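Here the structure comes first, spelled out in structure tokens, and everything after it is commentary.
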Amino acid sequence: MILTKFSFRRSIWSYAKVRRAVGVFLRNRPSQLARLRSDYVNIGCGPYPLKGFCNIDYWWQPGVGAFDISKGIPLPDASVQGIFSEHCLEYLKPEALERVLRDFRRMLRPGGVARITLPDPELYCRLYLQALSGEPVTWPYPEAGKPPIHYVNRVISGWAHYTGFVYDFQSLRDMMLQAGFREVTREAYRQGRDPKLLVEHEWRAVESLYAEGVA
């Protein structure tokens, strides 16, 4: 193997293969959380961990706990004030999402808030009907030459790890109430109850549904 000055300078933790291997070793080990504890949790952080949060994702990286959240999140009952999840839970099938939402409710202190952001299927359906009626529409993340149904399919199953089931506000609200949240409301981009949870990305606002549940 030929090593260059660039490979010497690069952190070993920046290599995808190394991160995957560490993730396999650490995934779902509660000991990871000892150094990540915070009053706020970021679920499914991806490449965007948040400062001051306990960041959790399926894929490990430095400062992020590697967990398959569908198998449980080993944080104590009533131990956090807020939970943030941006474009993560749409990858879960309904039975898995039900378990995760119960876990969210269990972890939250009374009055704590879970802020959940998902792709908004209502938006895509509305734009689809407008396009069929001949109205000009602007699609989120437009692709040249694609017919309207392409965008509907994209939000349902367009990415490899989508489940083929999408959640609108009504279905998400019903599931959150069944999980034990006492109130669930629809919110808007960077509007909500807890300022510390208003941290979603602007570039995702064009297609996002925002919901908050109060424990």
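The values are calculated or read from the model by the stated rules, or taken from the named source; none is laboratory data. Note that the structure is predicted; figures quoted are calculated from it, not measured. We place every Cβ from the backbone using ideal geometry, glycine too, and count neighbours over all the protein chains shown.
Is one or more of the residues making up the stretch 88-107 crowded, with 17+ Cβ neighbours inside 10 Å, outside the structural domain of L209 (by TED's automatic domain parsing) and under 24 Å from I156 (Cα atoms)?
no
So, P110, is that one in a strand (DSSP E or B) and over 13 Å from Y167 (Cβ atoms) or not?
Spelling it out, P110 is indeed in a strand (DSSP E or B) and over 13 Å from Y167 (Cβ atoms).
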